[in-house]
Every structure is written in structure tokens, then in C-alpha cells.
Amino acid sequence: MAILKAFCGDITRLSVDAIVNAANSSLLGGGGVDGAIHRAAGPELLAECAAIGGCPTGEARLTRGYRLPAPHVIHTVGPVWHGGTHGEPVALAACYRNSLQLAQRHGLASLAFPCISTGVYAYPFAPAAALAVATVRQTLVDCPAIGEVTFCCFSAGDFEVYQRLLAADAESR
Ligand code: ADP
């Protein structure tokens, strides 16, 4: 049974097999966690991303991690929040599912996710976090290679939300 954890801090510091990037569909870098990952990885990451040629919302692409402690980065494109009736939950769940399935196919055993879409893309935090935990738990049933998933939070308030969700998840098992 895979371990689900919450961590509060900078995802670029984590030594896991892959960190997930909340990218935009160009994969050419941006602000927020995307900017932090590109700054920490160095210019080689942007060159590899440019060669991929973009990624649709909900899908995921794998690159190397270059100067990051994590040897790989999984780039996924979250939905922009437009009120919640434009397929946002389906697309956000697809980000988590496709990232995990990509990691599974490449034999990556530990992964860290940022809180996809909850920054500039404005997805409300609590429902995004609940969807993330439920989708990861459900997808891991078919991902035996993955032993540990970390939800990387960037504020104490976000971290508390995940701690509550993960306590409820542990109790239900
Ligand atoms: P999106 O466009 O998908 O909303 P953002 O980067 O704007 O992406 O925000 C996604 C989440 O990443 C937010 O919760 C934000 O607080 C968080 N974040 C920003 N920088 C970092 C970082 N260095 N490490 C981890 N999380 C971060």
C-alpha cells in the first residue's frame, strides 16, 4: 500500500524520483511553481520542454530534472477555473491520474505533486485538494511501482487542509 504524505515548502528541494510541474500548455515556463522549477533545474529543462512542443490540459509529459535533486520532472497542465461547470474537475483529476500512470510506466517509485491549478489558475483550494487525494488513492490501485506520493503545499493553511484529508484517508483504511 503506497504512503501518502503532505509536506510544506518548496517542491524544488525534494529528493523524489519525480516532481510534478503545474505547467501551462506551451511547456515554455511561467510563474509560480513552474518558474521555480525552471529556475532550479537550469536552462536545459526549457530546451527539453521546447522540443516536446506543448501539452494539452489534463495530460502529462516526462523530462529529466537536470540540476534539481529529483532526476525527473512530470509536466502536467491543470485546468483554468471558470466556475466549475466547464469540465474543471474532470481535467484536474486527469492531471493526477496521467502523471501517476506516466510515473508507473517509467518505474518511478516516489512522486511529489504541487497543488495543481490552485494558484494563478484559481481552482478553489479545498475541492482541488479533496479531488487530488481521492484521485491519487484510486489511481494507485493500478500503479504497483509507486510507493510514495507527497502533496507539496506552499503555505501552512494549505498544509493543514492536506493533513486533515490524509488523516481521514488513513482512518478509512
Ligand atoms: P497554476 O497555474 O496551476 O494555478 P501556480 O504555480 O500558480 O499554478 O500554483 C500552483 C500551486 O503551487 C499553488 O498552490 C502555489 O502556492 C504553489 N507553489 C508556488 N511555488 C511553489 C514552489 N516553489 N513549491 C511548491 N509549490 C509552489
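Considering only residues in segment 155-173 that are touching a Cys at 6+ places or on another chain (Cβ under 7 Å) and under 16 Å from ALA22 (Cβ atoms), the one that is farthest from the ligand (Cβ to nearest atom) turns out to be TYR162. Scanning segment 85-104 for any residue that is within 13 Å of the ligand (Cβ to nearest atom), farther than 19 Å from LEU131 by Cβ and free of Cβ contacts under 8 Å to residues at least 40 places away in the same chain turns up nothing. Has segment 40-61 got any residue that is outside any loop (DSSP other than H, G, I, E, B), under 14 Å from the mean Cα position of the chain (by Cα) and surrounded by 21 or more Cβ atoms within 10 Å (Cβ to Cβ)? There is at least one residue in segment 40-61 that is outside any loop (DSSP other than H, G, I, E, B), under 14 Å from the mean Cα position of the chain (by Cα) and surrounded by 21 or more Cβ atoms within 10 Å (Cβ to Cβ).
Computed from the coordinates by the stated procedures, all read-outs in this text should not be read as laboratory data. Note that the structure is a prediction, hence the values are computed from the model and not measured. Neighbour counts run over all protein chains shown; Cβ positions are idealised from the backbone, glycine included.
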